[in-house]
Amino acid sequence: MRFEFLKNRLFLLMMCLVATAGLIVSVVQNKSRPAESASGGEESLTPPPKSSSPPTPPVDNQDWAHILINKKHPITHDFSIETVPIDDVPVDIRVAPYLNSLINEAKSQGINLGICSGYRNIQYQKKLYEKEIEKFMNQGLNREEAEAEAARHVARPGESEHHSGLAIDFYTYDEPEKNLTSDFLNTKQGRFLDKNAYKKGFLQRYPLGKEDVTGYTDESWHYRFVGDDAEKIKNSGLTFDEYWEKYYSRD
C-alpha cells in the first residue's frame, strides 16, 4: 500500500513539472509576438509620436484668377467652371467669398452694392453682341461697320471675360440713370469700388484712356477678380492685359 502511495505522488510530481514547462514556453512565445489591433492587423508596441503642430493646409497660388480672356486670347473650348449665385447672379464659386466680403464692406459704409452681371455662357454673349450690332445698324451703319463698332462696347462670343465667372458688373440703386455709363464712377458705388475693390482682389478692367490696349471703351462698373496681386496691378498703372503679358504669360 505504501508503494502505491509513493507511486501516485511521483506521478503527480511529474504532471506538475510538465505543466510548469508548458507555461514557461507559452510566456516566452507571447513576449516575442507583436500585439494585434482590433482590426486583426499588427501594430507597433511603441505608439507613434504625436505631431507638435497641425498639418499645413494646401496653398492656393491663385493661378486660376490670372486667366486672360480678350480679343487676342479667346476662351478655350474645354474651359469650364463651377458657379454659385450671389444675389441671383452666377459667379465662379472661388470668387464668391471675396465678392461677399466686398459687398459686406460696402454695407458697413452705408452703401448698397448691386450686381447686374457675372458669368455668361457663349450663347448669351452672342445675343448681347447681335443686339449691339442691330443698334448700330439702326443708326445707319452697314453690317461690317456695325460689327466693328459693337465690338468696342460688347465682347464677341468667346472673347468676354464674363465667360470666366471672374468678371462682375456692378450697379447703383440710388442713381439708376448712371448704370452702365461712364457716370457710374461718380456714384457712391463707383467711388467705393475705385478706392476699395483692390483690397478684396478686384481690379477695374477697362479704365478710361486705355481703349487702345484693352480694345474696349472705359467701363467703370466692370471689375475683374485677379486675387492677391490686385494692389500691385493697380499701383503699376498697367491694365490687366499689359500686366499679364509682362508677368503671367508663359510664352
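We did not get these values from a lab; they are worked out from the coordinates using the rules stated. Just so it is clear, the model here is predicted, and its values are computed rather than measured.
Classified by the C-alpha gyration tensor, segment 63-193 has an oblate form. Its axis ratio a/c, with a ≥ b ≥ c, is 1.5 or above, and a/b does not exceed b/c.
Past 18 Å, Cα to Cα, is the threshold; run Lys71/Lys126; Lys72/Lys234; Lys107/Lys234 against it and keep the listed order.
On the way: Lys71/Lys126 15 Å; Lys72/Lys234 22 Å; Lys107/Lys234 23 Å.
With Cα atoms farther than 18 Å apart: Lys72/Lys234; Lys107/Lys234.
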